[in-house]
1. Could you state the principal axis extents of the C-alpha atoms in region 132-251, from the largest down, to the nearest angstrom?
2. With contacts defined as alpha carbon pairs under 8 Å and 6 or more residues apart, what's the relative contact order of region 2-242 in percent?
3. Using the basic label-point model (7 angstrom from Cα toward the beta carbon), what is the I160 to Q228 distance in nanometres?
4. Can you tell me what percent of all Cα-Cα pairs in the chain are more than 22 Å apart?
5. Taking 7 Å along the Cα-to-C-beta vector as the label spot, tell me the Y184-T219 distance in nanometres, rounded to one decimal.
6. Among H24, H57, H202, H229, which comes first, second and so on when ranked by fewest other beta-carbon atoms within 10 Å?
7. What is the extension gain from E94 to N238, computed as 0.36 nm multiplied by their sequence separation minus the C-alpha to C-alpha distance, in nm to one decimal?
8. After finding the eigenvalues of the alpha carbon gyration tensor for region 156-219, what semi-axes result from the square roots of 5 times each, listed largest first in whole Å?
Amino acid sequence: MKGVLLAGGKGTRLYPCTKVTNKHLLPVFNKPMIFYPLETLINSGIREILIVTGREHMGAVIQTLGSGKDFGVEFTYKVQDQAGGIAEALLLAEGFVQNDNVAVILGDNIFEEDFKSDVLDFTGGAKIFLKKVSDPQRFGVAEIRDSKVMRIIEKPKKFISDLAVTGFYLYDCEVFDVIRSQEYSDRGELEITDTNRYYLVHHRLTYRILDGFWSDAGTFISLFKSSQHFYERKIRLNNSKKQGIKDVFSQ
């Protein structure tokens, strides 16, 4: 399976910090934000990763990450000239993925979860990962009934579910044909929600509800909370080491 990390966008919700750098290079506790989704892919066993970012700060992203050698993997880079949605950015990865399956992660999504078995067991279709949240109106939300996804609504104004669709997805290579068949939304983007709905309608969408920490660190509040979480985890880890307890997330 190939990996695709989407790190484009202007980061307007994090102005003025993002006037001088890509938002994915902002620190979350003790390392750049982009390191967290990279580690999610790498810890899932993925060794070939395409990084898609905008041209404004492409140089800074490459300077930070390099070829992938320091991470024991291989990076490829692709420029997204202008923001056109997550699905449009993913379409840039078609030549990289070719006939393989692909794991897609958003560069501001931070997980404390093990996805290795999900990646190993994936055979086709699409798989999404859900997390209970207190503010579902900020996200694409999945309604589950009888252990099946019934519908996915983007930023619902009325409550239908507290299960947010997180920014980690597994797809087969058909996803690129699916995206090409989509129409641009009212905000001028190819929506990843529409991509997932295609697989849902064709009964090829599966899901898992996550237990561990998850945050999209794309706002000042979520960025602060993410840093706070990993600072507190560091404190717990140090205390655990003193007591001879192993932290499963310390690797």
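1. For region 132-251, the Cα spread along each principal axis is 55, 29, 29 Å.
2. 24
3. Output for this residue pair reads 3.1 nm.
4. Above the 22 Å cut-off, the chain has 54 percent of its Cα pairs.
5. For the pair Y184/T219, the computed spacing is 2.7 nm.
6. By the 10 Å Cβ count, ascending: H202, H229, H57, H24.
7. In short, 47.5 nm is gained.
8. Square roots of five times the eigenvalues give 22, 17, 13 Å.
Throughout, read-outs are computed from the coordinates displayed, never taken from laboratory work. This one's a predicted model, so the numbers in the text were calculated from it and none came from an experiment. Reconstructed Cβ throughout: ideal geometry from the backbone, glycine too, with neighbour counts over all protein chains shown.
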